[in-house]
Structures are given as C-alpha cells and as structure tokens.
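Here is the structure we will look at.
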Amino acid sequence: MKADFFQYQAQTSPFPLGMEVSHASGSYIFDTSGKKYLDFVAGVSACSLGHVNQRVNDAINEQLQKYSHVMVYGEYAQHPATEYCKMLANLLPEPLDKVYLVNSGTEATEGALKLARRVTGRSQLISCRNAYHGNTMGSMSVMGFEERKQIFRPLIPDVDFITFNEESDLLKITERTAGIIVESIQGGAGFIQPTDGWFKKLRERCTEVGALMIVDEIQPGFGRTGKLFGFENYDAVPDVLIIGKGMGGGMPVGGFVASSKMMDLLTHDPKLGHITTFGGHPVIAAACLATLSEITETELIPQTLQKEKLFRGLLEHNLINEIRGKGLMLAAMTPSADITDKVILKCQDKGLILFWLLFEGCAIRITPPLTISEDEIREGCSILLEALDEVQEELRVNSNQEYD
C-alpha cells in the first residue's frame with residue numbers, strides 16, 4: 001500500500017509520514033502491522049469526537065438509508081442540513097443567524113471574502129501576517145506568509161496585511177476596507193492568542209469604519225478552546241464567522257455564517273452569488289448535527305480547560321520553553337525546529353502521533369480529540385517526555401563530542 005501511495009497519490013511534501021492505516025477507534029489509530037498509536041492530533045483538529053464515534057456513525061448510516069445527494073445546494077429543503085443550520089444559529093449570538101454550508105474550510109473562506117465585497121461594495125481585504133485561512137487562490141491571497149504563495153502569484157488584488165496584536169496597525173483598517181479576516185487564535189503562526197483587548201479593539205475599529213470583521217474559527221471552533229467558538233473568549237462578535245474542521249466529526253465540511261440581511265445578498269445581483277454542488281450534503285450534515293449535539297449536550301467543552309491544565313502540569317521539561325494556546329489547542333515550543341522534528345518522529349516510533357504547525361518550526365502540535373481521557377493524556381505525555389529526554393541526551397553527547 002505504501003508503494004502505491006507514493007506512486008499514484010499526489011503528495012504535499014517530500015517526506016510524508018506514510019503510515020499504513022488499518023483502522024481507528026476512540027483516541028487511537030492502528031496501522032496494518034497492528035501497532036497502536038495514541039492520537040494527539042485528531043486529523044489536525046478535525047476529529048472532535050475521536051475516531052469511529054458511535055453517535056456520528058449512526059447518524060451517517062441512518063441518513064444513507066434515506067437519501068444521499070439529490071440536488072445542488074440551496075434548492076431543496078433537506079432535514080439534516082436544515083436542522084443543523086437552525087441549531088447552530090440558535091447557539092450563536094446575534095446577528096449570526098444564517099449559515100451557508102460548503103465542503104471545506106478554504107471554500108468557506110472564499111465565500112466569506114466574496115460576501116465582504118458584496119456587502120460593502122469595497123475591494124480592499126486585510127489579513128494578518130503569518131495568518132493561514134486555506135490554500136485555494138482566494139484563501140492563499142490572504143495568507144500572511146509570502147514564502148508559501150510567491151510562486152503562485154498573481155493572486156487576487158487589493159489585499160494588505162497587519163500584525164496580529166499590534167494595536168497601532170488597526171488604523172490601517174479604513175473606509176475603503178471591505179473586511180478584515182482574522183483567526184481567533186493564530187494557528188499556523190504558533191497558536192498565538194489575542195492579548196490586551198486587541199480583539200475587542202479590532203471589533204470596534206471595524207464598526208467605526210464600516211468594514212466587516214471576518215473571524216476564522218476553522219481550528220479553534222466547536223469547543224476546542226473552552227467555548228463553542230474562540231471569539232467568545234474575547235468579547236467580540238464577528239460579522240462573518242468561518243467554520244470547518246471539527247464541525248463534522250471527521251467528515252469533510254465547512255461553512256460561513258452571517259446575518260440574514262447579508263447572506264440574502266448572495267441571491268441576487270447577481271443571483272447564484274455563491275454556489276456549490278455538494279455543500280450541505282445530507283450525509284455530511286447528519287454527521288455535523290450529531291457532532292454538534294454531542295459537543296453541546298455533554299461536558300466536553302468545559303472539560304477542555306481541565307484537560308489543558310493537566311497537559312500544562314505534566315509537560316514540564318528543559319526542552320519545552322512554553323506551552324501556547326488554550327483548551328485542547330496547544331503547542332509545546334522547543335528551542336529549535338530541529339529538536340521539534342526529532343521529538344515528533346521519535347514519538348511516532350513510540351506510538352504517539354504529534355504534528356507540526358505550518359509556519360512555526362519550533363512548535364509541537366497537541367490537538368487531541370475533545371473526548372480524550374485523562375489517562376490517555378498521561379499516557380501520551382509520558383511518551384513525549386521520554387522522547388524529549390532522549391533528544392536532550394543526544395544533544396548532550398553531541399555537544400561533548402564536539403568539545404572533545
């Protein structure tokens with residue numbers, strides 16, 4: 001299987017991990033040799049309820065027996081999508097009351113950017129340096145990392161950048177700005193949280209100049225930070241909310257949410273202002289409804305903060321400079337990218353799945369399923385500390401050899 005994987009499936013990096021997956025259950029993934037891996041990544045924050053969650057699988061199977069795809073998005077009323085949008089809207093603060101379901105986070109970003117220009121009649125878009133909002137051409141245009149996008153230029157025009165948490169930069173948002181897109185926690189940059197009321201000040205500036213505040217909750221959303229959405233930690237309600245990853249219990253989905261007044265503009269001048277064939281797919285929507293119900297009907301959201309404390313208490317080591325993030329969106333920061341690489345690869349050999357962040361090489365991603373148990377946290381942290389000890393010893397030996 002690995003040989004066919006490399007021969008027939010397009011790759012995204014020179015050296016994929018290449019694990020041959022057999023099956024998964026709960027917080028564990030099993031390879032074809034029968035080896036068990038504790039999953040501290042959850043499909044990069046996507047598998048909120050772990051692997052093969054019974055409630056999600058039951059919802060998928062039940063819907064499959066009724067109907068699958070029947071019509072392009074927005075034409076037929078279909079129970080799973082309608083119920084999901086209603087439930088989500090009722091959980092969100094005003095004026096976020098209408099949901100557009102799409103197939104992925106990056107497609108949701110595209111829709112949100114189009115909506116900002118449609119609502120305001122302005123063209124300028126603003127993003128943050130080191131931001132990541134997806135990898136299609138529009139989403140890449142608001143990616144704040146030039147090295148990743150230079151070769152694909154020209155991208156969409158009239159995009160400018162400010163620095164996350166830099167208050168003076170807020171003045172760059174003006175009456176010609178259609179919208180600013182911002183993560184409630186910067187993901188690829190190293191799980192950086194807003195500080196000193198910056199998020200609320202951003203909200204105030206957008207209101208002042210009539211620009212839309214577009215908040216990307218693709219990673220922090222759906223309970224990962226101790227609230228249903230990360231923006232709720234910072235006392236600022238967006239005009240447009242972008243969602244994805246954890247909303248589908250491991251199924252491919254995204255969405256953007258705004259007021260009915262804004263969303264209804266996509267129906268005319270021109271009509272079909274945003275369209276998708278498979279957005280709101282009934283099987284995927286059923287998985288989303290089951291996932292949201294499970295997250296909100298249980299204690300999973302407040303438990304993320306208890307589990308964060310456990311992680312922080314256990315992960316004390318000379319090679320961990322700090323732990324960034326909130327809830328179960330954490331990054332252990334090492335002194336160098338080389339150390340991070342070694343630790344992540346050693347942990348995989350030992351049966352613990354960790355991963356990297358896009359732009360911050362020193363970060364070890366820790367984003368397990370929300371359902372992970374405290375015993376599993378202790379098990380994984382023990383493996384991580386063991387790997388850190390081994391890397392530290394290797395550094396000591398190499399340092400002595402160089403000195404000799």
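The values are calculated or read from the model by the stated rules, or taken from the named source; none is laboratory data. Keep in mind that this is a model prediction, so the values were computed, not measured. Positions of Cβ are generated from backbone atoms using ideal geometry, with glycine treated the same way; all protein chains shown enter the neighbour counts. Quick note on the areas: whole protein, heavy atoms, side chains included, nothing else; ligands and nucleic acids left out. Shrake-Rupley method; radii C 1.70, N 1.55, O 1.52, S 1.80 Å.
Considering the stretch 303-323, the residues that are of a type in the set (D, E, K, R) and open to solvent by 60 Å² or more (accessible area, probe 1.4 Å) include one that is nearest to D389 (Cα to Cα), namely E316.
Does R176 qualify as being touching a Leu at 6+ places or on another chain (Cβ under 6 Å) and either at pLDDT below 95 or on the phi < 0 side of the Ramachandran plot (or both)? Taking the combined requirement at face value, the residue does not satisfy it.
One residue is enough: does the stretch 121-136 have a residue meeting the conditions on the phi > 0 side of the Ramachandran plot and of a type in the set (G, A, S)? Checked the stretch 121-136: at least one residue is on the phi > 0 side of the Ramachandran plot and of a type in the set (G, A, S). Considering I214, I284, I218, the condition of being assigned to a strand (DSSP E or B) and either at pLDDT below 95 or surrounded by 23 or more Cβ atoms within 10 Å (Cβ to Cβ) (or both) is satisfied by I214 alone.
Of the helices (runs of 4 or more DSSP H) lying entirely inside the stretch 99-208, those containing at least 1 residues that are closer than 24 Å to Q219 by Cα and in contact with a Pro (Cβ under 9 Å, 6 or more places away or on another chain) are 137-141.
List the pairs whose first member sits in the stretch 74-97 and is among the hydrophobic types (A, V, I, L, M, F, W, C), whose second member is open to solvent by 70 Å² or more (accessible area, probe 1.4 Å), and whose Cβ atoms are under 6 Å apart, counting only residues at least 6 apart or on separate chains? Close Cβ pairs satisfying both conditions: A89/D97. Would it be correct to say that K307 is under 23 Å from A46 (Cβ atoms), at pLDDT 95 or above, out of contact with any strand residue (DSSP E or B) (no Cβ under 7 Å at 6 or more places or on another chain) and assigned to a helix (DSSP H, G or I)? When the stated conditions are applied, K307 passes them. Would you check if T120 is open to solvent by less than 40 Å² (accessible area, probe 1.4 Å), under 28 Å from H69 (Cα atoms), among the polar types (S, T, N, Q) and modelled with pLDDT of 95 or more? No: the conditions fail for T120.
Listed conditions (1) open to solvent by less than 30 Å² (accessible area, probe 1.4 Å); (2) under 21 Å from T195 (Cα atoms); (3) in contact with a Phe, Trp or Tyr (Cβ under 6 Å, 6 or more places away or on another chain) are all met by L354, apart from (2).
Based on what the data block shows, is M247 of a type outside the set (K, R), within 19 Å of L289 (Cα to Cα), open to solvent by 20 Å² or more (accessible area, probe 1.4 Å) and at pLDDT 95 or above?
Details: of a type outside the set (K, R): yes; within 19 Å of L289 (Cα to Cα): yes; open to solvent by 20 Å² or more (accessible area, probe 1.4 Å): no; at pLDDT 95 or above: yes.
Spelling it out, it is not the case that M247 is of a type outside the set (K, R), within 19 Å of L289 (Cα to Cα), open to solvent by 20 Å² or more (accessible area, probe 1.4 Å) and at pLDDT 95 or above.
Here is a check on your reading of the model: is S399 out of contact with any Cys (no Cβ under 7 Å at 6 or more places or on another chain), at negative phi and not hydrophobic (A, V, I, L, M, F, W, C)? Steps first, answer last, please.
On the way: out of contact with any Cys (no Cβ under 7 Å at 6 or more places or on another chain): yes; at negative phi: yes; not hydrophobic (A, V, I, L, M, F, W, C): yes.
For S399, the condition - out of contact with any Cys (no Cβ under 7 Å at 6 or more places or on another chain), at negative phi and not hydrophobic (A, V, I, L, M, F, W, C) - is met.
Tell me, which residue of the stretch 376-404 that is closer than 20 Å to K326 by Cα and of a type outside the set (A, V, I, L, M) is farthest from the chain's Cα centre (by Cα)? Out of the qualifying residues, it is R378.
Counting the residues of the stretch 221-238 that are surrounded by fewer than 24 Cβ atoms within 10 Å (Cβ to Cβ), in contact (Cβ under 8 Å) with a residue 40 or more places away in the chain and in a loop (DSSP other than H, G, I, E, B) gives 5.
Going by the conditions given, is I339 open to solvent by less than 30 Å² (accessible area, probe 1.4 Å) and under 26 Å from L300 (Cβ atoms)? For I339, the condition - open to solvent by less than 30 Å² (accessible area, probe 1.4 Å) and under 26 Å from L300 (Cβ atoms) - is not met. Failed condition for L228, given (1) farther than 26 Å from E75 by Cα; (2) touching a Lys or Arg at 6+ places or on another chain (Cβ under 9 Å); (3) of a type in the set (A, V, I, L, M), with all others met? That leaves (2) as the condition not met. With respect to Q63, is the statement that it is touching a residue at least 60 places away in the same chain (Cβ under 8 Å) and farther than 23 Å from E217 by Cα true? Yes.
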